[in-house]
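Here's the structure we're looking at; comments come further down.
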Amino acid sequence: MLKKLVGVTSALTLTLGLAACGGNETGGSSSEGSSESIGEQLDYEIVGIDPGAGIMKLTINEVLPEYGLDDWEVVEGSGAAMTAALKKAYDKEEPIIVTGWSPHWKFASYDLKYLEDPKGIYGGAEDVNTIVRQGLKEDHPDAYKLLDQFNWEPEHIEAVMNLIQEGNDPAEAAAQWAGENEELVSAWTEGVNNVDGEELKILYVAWDDVIASSHVVENVLESVGYEVELVQVDAGPMWAGIADGSGDAMVGAWLPTTHADYYAEYEGQFEDLGPNLTGTKLGLVVPAYMDIDSIEDLKE
Ligand code: PBE
């Protein structure tokens, strides 16, 4: 859209024989209308997140080599640094490519698109599973039952993410959402007995979707009497912590593709309670105003 406007402006400018200053009024970046390739404009950098994330390993180890993008690199950071970089570029209508995923609030805040992945390396829609330590069922049967019954839809987790994005503390957002969704929450606590302050440790990574889901589960477990400690860790330690029993549960296991290597590494040392959410997506995400549509376009 923006490119088209610039094109029209330039054409008019030429027709009228005026000095070539068209394009400024679009507020576009200095690269607008230049002949630089997208790689040159971006210094061949994709804005990534934390190195333990599955999307980072997929992008670096599979997507770049298989699409022949040897010149490109994925810059390590965090989920928060990625969304900050996205906001900064978006506000100036500058080009940017990020490692992105759904559900995520960024799609409600900005007009974005996934680059097509004709080789299908990022995989199709995945599930997000709840994984607990071995022995949880015997030690905390009611927590186990609640965690097993925890299941929601993308629109629910998106609502919590949006509340957090609007400035609410994650615990407040979780409490507000749980208060407004009593029917769904009561399906998770059905047949669950109240307990008296039994302690539980939930491990999570600071990915926006997992921040939201972990705080909601904390809130609901506390409503039946558990004392929950949410421990923020990196992805590797999250899986290792459930496997070695130092953590009781996690609700952010993306499967079968994103966390395939962690799953295989620790298989047999955890219990998989199955999906709490289905229909996720991973990929390279760009603002809709960018003039590329496919990962293959990065080769030019
Ligand atoms: N994510 C969000 C994670 C899983 C949840 C897609 C950033 C990952 O890539 O491992």
Please go through segment 169-185 and pick out each residue that is open to solvent by less than 40 Å² (accessible area, probe 1.4 Å) and closer than 24 Å to Lys87 by Cβ.
-> Pro170, Ala173, Ala174, Trp177
Reported set for segment 84-109 where residues are open to solvent by 50 Å² or more (accessible area, probe 1.4 Å), within 16 Å of the ligand (Cβ to nearest atom) and not aliphatic (A, V, I, L, M) is Phe107
Pairs where the first residue, in segment 271-300, is in the same structural domain as Ala53 (by TED's automatic domain parsing) and aromatic (Phe, Trp, Tyr) and the second is surrounded by fewer than 23 Cβ atoms within 10 Å (Cβ to Cβ) and part of a helix (DSSP H, G or I), C-beta under 7 Å, 6+ apart = Tyr289/Leu2
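With respect to Ala53, determine if the residue is within 16 Å of the ligand (Cβ to nearest atom), surrounded by fewer than 19 Cβ atoms within 10 Å (Cβ to Cβ) and outside the structural domain of Val210 (by TED's automatic domain parsing).
Working: within 16 Å of the ligand (Cβ to nearest atom): yes; surrounded by fewer than 19 Cβ atoms within 10 Å (Cβ to Cβ): no; outside the structural domain of Val210 (by TED's automatic domain parsing): yes.
The answer is no for Ala53.
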Among residues belonging to segment 191-205 that are more than 16 Å from the ligand (Cβ to nearest atom) and under 27 Å from the mean Cα position of the chain (by Cα), point out the one that is nearest to Thr280 (Cα to Cα).
-> Lys201
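From Asp272, Asp291, which residue is away from the ligand (no atom under 14 Å from the Cβ), farther than 30 Å from Glu183 by Cβ and open to solvent by 10 Å² or more (accessible area, probe 1.4 Å)? Outline the logic, then answer.
Numbers: Asp272 fails: farther than 30 Å from Glu183 by Cβ.
None of the others qualify; the one that does is Asp291.
Conditions tested, residue by residue: (1) outside the structural domain of Trp239 (by TED's automatic domain parsing); (2) surrounded by 20 or more Cβ atoms within 10 Å (Cβ to Cβ); (3) more than 16 Å from the ligand (Cβ to nearest atom).
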| residue | (1), (2), (3) |
| --- | --- |
| Ala143 | no, yes, yes |
| Pro154 | no, no, no |
| Gly167 | no, no, yes |
| Thr189 | no, no, yes |
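Residues to consider are Leu147, Leu115; find the one that is farther than 30 Å from Gly241 by Cα and of a type outside the set (S, T, N, Q).
Selected residue: Leu115, the only one of Leu147, Leu115 that is farther than 30 Å from Gly241 by Cα and of a type outside the set (S, T, N, Q).
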Considering segment 206-244, residues that are within 14 Å of the chain's Cα centre (by Cα), closer than 19 Å to Asn151 by Cα and open to solvent by 20 Å² or more (accessible area, probe 1.4 Å), and then whichever is farthest from the ligand (Cβ to nearest atom), we arrive at Ile211
Report yes if Gly247 is open to solvent by less than 10 Å² (accessible area, probe 1.4 Å), more than 16 Å from the ligand (Cβ to nearest atom), in contact (Cβ under 8 Å) with a residue 24 or more places away in the chain and in a loop (DSSP other than H, G, I, E, B), otherwise no.
-> yes
Starting from residues that are of a type in the set (A, V, I, L, M, F, W, C) and away from the ligand (no atom under 12 Å from the Cβ), keep the ones in segment 41-50 and report whichever is surrounded by the fewest Cβ atoms within 10 Å (Cβ to Cβ).
-> Leu42
For segment 58-83, name all the residues that are open to solvent by 20 Å² or more (accessible area, probe 1.4 Å) and within 14 Å of the chain's Cα centre (by Cα).
-> Gly77, Ser78, Ala80, Ala81
Residue list for segment 250-260, restricted to those being more than 10 Å from the ligand (Cβ to nearest atom) and either over 23 Å from Lys281 (Cβ atoms) or outside any strand (DSSP E or B) (or both) = Pro256, Ala260
Out of all the residues in segment 110-127, is one or more buried (at least 21 other Cβ atoms within 10 Å of the Cβ), in contact (Cβ under 8 Å) with a residue 24 or more places away in the chain, touching a Phe, Trp or Tyr at 6+ places or on another chain (Cβ under 6 Å) and not basic (Lys, Arg)?
-> yes
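The values are calculated or read from the model by the stated rules, or taken from the named source; none is laboratory data. The structure presented is a predicted model; accordingly, all values stated were derived computationally and were not measured. Quick reminder, even Gly has a Cβ in these numbers, built from the backbone with ideal geometry, and neighbours come from all protein chains shown. Only protein heavy atoms, including side chains, enter the accessible area calculation; ligands, DNA and RNA are left aside. Shrake-Rupley method; radii C 1.70, N 1.55, O 1.52, S 1.80 Å.
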